[in-house]
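> Can you read through this structure? Questions will come right after.
The values are calculated or read from the model by the stated rules, or taken from the named source; none is laboratory data. On a predicted model such as this, the values are computed, not experimentally measured, just so you know. Every residue, glycine among them, receives a Cβ derived from its backbone with ideal geometry; neighbour counts consider all protein chains shown.
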């Protein structure tokens with residue numbers, strides 16, 4: 001029985017490096033957005049779109065793992081993220097309101113899913129709830145006031161990416177430790 005549990009844990013944590021990589025990419029995207037808030041809206045749309053697309057692909061891949069909780073919810077979030085990412089990369093939108101609305105909806109959806117999923121996690125529950133609340137609040141601020149200035153939008157999006165990236169890096173590192181502890 002112990003071998004089966006060990007194998008299950010090892011299988012559930014094999015993608016630790018994907019979580020860590022996504023977190024690093026998220027931090028980089030957030031730093032770029034914060035460093036260049038005066039750049040064009042198209043650049044913000046493409047940077048956000050690339051990150052959201054990559055994140056969506058990872059979410060879809062995670063939904064295929066038997067170890068993933070709420071697989072259907074993760075798959076729906078992954079598909080939604082991939083669609084928003086492709087739209088932002090393929091057709092950068094010319095107005096702050098449209099970009100704000102897409103990113104705001106994405107932040108709200110991701111925050112709600114993270115909040116619900118946090119109650120299934122024994123470790124890191126508080127951290128995930130805090131990040132989820134920040135994502136939802138940022139999304140609500142953006143959706144409720146889509147005509148906010150570009151600099152405000154850039155700061156909110158950049159901080160959201162950085163907070164999410166740090167949380168994902170911490171999770172990825174914890175998964176790596178568990179994966180290493182189960183050994184071959």
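> Mind telling me which of the residues 99, 105 ends up being within 20 Å of residue 50 (Cβ to Cβ), modelled with pLDDT under 80 and either outside any helix (DSSP H, G or I) or touching a helix residue (DSSP H, G or I) at 6+ places or on another chain (Cβ under 8 Å) (or both)? Explain how you work it out, then say what you get.
Numbers: 105 fails: modelled with pLDDT under 80.
Of the residues listed, the single one that is within 20 Å of residue 50 (Cβ to Cβ), modelled with pLDDT under 80 and either outside any helix (DSSP H, G or I) or touching a helix residue (DSSP H, G or I) at 6+ places or on another chain (Cβ under 8 Å) (or both) is 99.
> Same structure again: Determine whether segment 123-132 contains at least one residue that is part of a helix (DSSP H, G or I), within 29 Å of residue 46 (Cβ to Cβ) and in contact (Cβ under 8 Å) with a residue 40 or more places away in the chain.
no
> Among the numbered criteria (1) touching a residue at least 12 places away in the same chain (Cβ under 8 Å); (2) loosely packed, with under 15 Cβ neighbours inside 10 Å; (3) farther than 19 Å from residue 109 by Cα, which one does residue 25 miss?
Every condition holds for residue 25 apart from (2).
> All but one of (1) outside any helix (DSSP H, G or I); (2) loosely packed, with under 15 Cβ neighbours inside 10 Å hold for residue 92; which doesn't?
Answer for residue 92: the failing condition is (2).
> Quick one: which of 53, 77, 69, 88 is over 14 Å from the mean Cα position of the chain (by Cα) and either more than 23 Å from residue 9 (Cα to Cα) or modelled with pLDDT of 90 or more (or both)?
Details: 53 fails: over 14 Å from the mean Cα position of the chain (by Cα); 77 fails: over 14 Å from the mean Cα position of the chain (by Cα); 69 fails: either more than 23 Å from residue 9 (Cα to Cα) or modelled with pLDDT of 90 or more (or both).
Answer to the selection: 88.
> Kindly establish whether residue 67 is out of contact with any strand residue (DSSP E or B) (no Cβ under 8 Å at 6 or more places or on another chain) and buried (at least 18 other Cβ atoms within 10 Å of the Cβ).
Working: out of contact with any strand residue (DSSP E or B) (no Cβ under 8 Å at 6 or more places or on another chain): yes; buried (at least 18 other Cβ atoms within 10 Å of the Cβ): no.
In short, no.
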